[in-house]
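Computed from the coordinates by the stated procedures, all read-outs in this text should not be read as laboratory data. These numbers were taken from a predicted model, which means no experiment stands behind them. So basically every Cβ, Gly included, is an ideal-geometry build from the backbone, and we count neighbours across all protein chains shown.
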């Protein structure tokens, strides 16, 4: 997110903003860990809530740019994708394909009375794209929690489900990279990465975030007893350190296109929900498939 990755020495940020970030993290992180560890059902419920709140912010951003997304349809599709992923182990056929098929058909039928509206086609596309962007990508949080490969041992294996350990690792790498990039950029940032897209990002911050994610990958393997080598953990960190910032930049693209700085202000010091999960939207699905490959 732009506010969490404000890695430029040219804009050191307000002290109270950093304090807000820290306080928010101290409150939200323990609650998130409880939800993750408790059960996949509590996690799925939280993911549905996050998807709904983030999609509300996204559609409001589209409205700021002059496009009115079909909120009931988009919300149903986005949350429905998470529900389909959650219920998939209980049924014998794929739930996602019929959901997406019905979404396309119903949403296009809904647009028929609006055929004279110049932006009807664009608004239809933004409705479906927004739902797939958030519901389709964030559902991988549930899939990560469902990984069942036993942990390699250690204290974590006695009280932590394998999927919970993997999910905590992905979040640690993604948000840890973000934190390392922020502080490295504040201290060493000189050369801007994408001044026209995210002006506060620097190459120094990006390198600091990448190295931090690699280090965290090694630490996660040892601390959580992941059934992979430390070298594989470093590789996960490397991938997270590249893919996460790309997710951040993708959200920056959306905000720049509609003329916004932040997607919202729900989380003090962090902006909106969408600002907080932008990196995770790319990192979660990519790391999920990489983790599956490491399981052989």
Which whole-angstrom value gives the distance between the alpha carbon centres of segment 118-139 and segment 192-213?
28
12 Å cut-off, amide nitrogen to a point 7 angstrom out along residue 102 Cα→Cβ, residues in segment 61-83
76-77, 80-81
Would you work out the relative contact order for the chain, in percent, from Cα pairs under 8 angstrom that are 6 or more residues apart?
27
Order 243-250, 226-233, 168-175, 29-36 from most to least packed using the mean count of other Cβ atoms within 10 Å.
168-175, 243-250, 226-233, 29-36
Quickly estimate the mean residue ellipticity at 222 nm for the chain, helices only: each DSSP H run with n ≥ 4 gives -39500 (n - 2.57), and the total goes over all residues, rounded to 500.
-23500 deg cm²/dmol
